[in-house]
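All remarks here apply to the structure that follows.
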Amino acid sequence: MREKIRLPLLSRVPAWIWVTIDAGTALFLAAVFVGLTSSRNASAPDVIDCAAALATSLPIAVRRLWPRAVFAAVLLGGLGMREFLIPHADLLCLPLALYTLATRGRAVVALLVATAAAAQGVVELPLTTVVRDQLGLVLAILVASWAAGTAVRQRRLYTEQLAAQAEERARAEAVAERLRIARELHDVIGHSLSTIAVQAGVAGHVGGAEEMSRTLASIEDTSRSALRETRRLLGVLREDGEADLAPAPGLADLDALVERTRAAGLEVELRIDGEVEGEMELTVYRIVQEALTNVLKHAGARHVLARIERQEDALVVEVTDDGTRGQARPYGHGLTGLGERVHIFGGEFHAGARPLRGFRVMARLPL
């Protein structure tokens, strides 16, 4: 089963928890700022100072919902609190609002505006060492907040791209698997049903009991072989435990395939010169199987030659017949599937009518 991509830990925290944390932070900062206004004028706190303190701190509670509006409110509110801030710039709410804005998009303009407003409040003439230190601290905090927000935004984009690529790859793998199973089922069922149909037609016209018995026995053998291969294909789709998988057919099974085809009334000659192993062995079997199926269904042939020859750097599979309908043979899904199988190995595939009569299917598989 395909494992899903897990989001970062903080991204899995519910949104309402973050809103609750932001609300608590806003109330805490509001209390701090109101306390600063009270310490400036203990007898009667200035209403404008309190309003500026609340306008700067309380919007932090909704900074994730409206980051641009919160940044503007905090920036303007901080301008009204300069008289009782040391240094004369908001180093709590403004960096937090700038960080939030940077996580949502490019915030270079916001960084420039924030640094200009903060620097204008801090800079005093003459430029003493204390003023320079305060200015450096303010700019460093603002730039660090913007950089942290930008890094978080880039990380989120990267995670989203990874998830999208993984989903696209999973879809492509599913499509490829469906095509593979479709090719296998087409090759197995198409050949078996074609053979059975031809044999059943022959059985309907024979009169001897012995000939009828041989034909029915061949139909039974073909049906059992098709059922075994179908169970093998469907076994890979099981998810509730180990599947009872039969081995995939290979070169050793070509003799039985040829015998079933001969029982349908077609003279088949098989020549094997060389060996091959692995997935390529199944591909060779399918090439011969599909070619024989097409001969039974379309060619009107009497003789077929299936040749498998191992050369120095390639394996050549060739199936030719002497049918009279070579030019009219359809290039259907079966031959298309064979071409896809061969191209997986980087090989060459050709199918077409022969110059005089018959049809030829040839595949060259590099070793």
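Structure summary
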{"quantity": "Residue 251 being surrounded by fewer than 21 Cβ atoms within 10 Å (Cβ to Cβ) and either among the small types (Gly, Ala, Ser) or under 41 Å from the mean Cα position of the chain (by Cα) (or both)", "calculated": "yes"}
{"quantity": "Total residues in the range 255-313, condition among the polar types (S, T, N, Q), surrounded by 15 or more Cβ atoms within 10 Å (Cβ to Cβ) and in the same structural domain as residue 343 (by TED's automatic domain parsing)", "calculated": "4"}
{"quantity": "Test: residue in the range 104-118 that is under 41 Å from the mean Cα position of the chain (by Cα) and among the charged types (D, E, K, R)", "calculated": "yes"}
{"quantity": "Criterion (farther than 11 Å from residue 81 by Cβ, among the β-branched types (Val, Ile, Thr) and at pLDDT 90 or above) met by exactly one of 47, 62", "calculated": "62"}
{"quantity": "Test result for residue 170, more than 28 Å from residue 20 (Cβ to Cβ) and not assigned by TED's automatic domain parsing to the domain that holds residue 15", "calculated": "yes"}
{"quantity": "Test: residue in the range 52-59 that is touching a helix residue (DSSP H, G or I) at 6+ places or on another chain (Cβ under 8 Å), assigned by TED's automatic domain parsing to the domain that holds residue 130 and over 17 Å from residue 24 (Cα atoms)", "calculated": "yes"}
{"quantity": "Any hit, the range 14-22, residues being part of a loop (DSSP other than H, G, I, E, B), in the same structural domain as residue 89 (by TED's automatic domain parsing) and modelled with pLDDT under 85", "calculated": "yes"}
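Matching residues to (1) modelled with pLDDT of 80 or more; (2) over 40 Å from the mean Cα position of the chain (by Cα); (3) among the basic types (Lys, Arg):
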position	(1), (2), (3)
281	yes, no, no
295	yes, no, no
303	yes, yes, no
312	yes, no, no
325	no, yes, yes
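The values are calculated or read from the model by the stated rules, or taken from the named source; none is laboratory data. Predicted model, so just to flag it, every value in this text is computed and none were measured. Cβ: placed from backbone, ideal geometry, glycine included. Neighbour counts: every protein chain shown.
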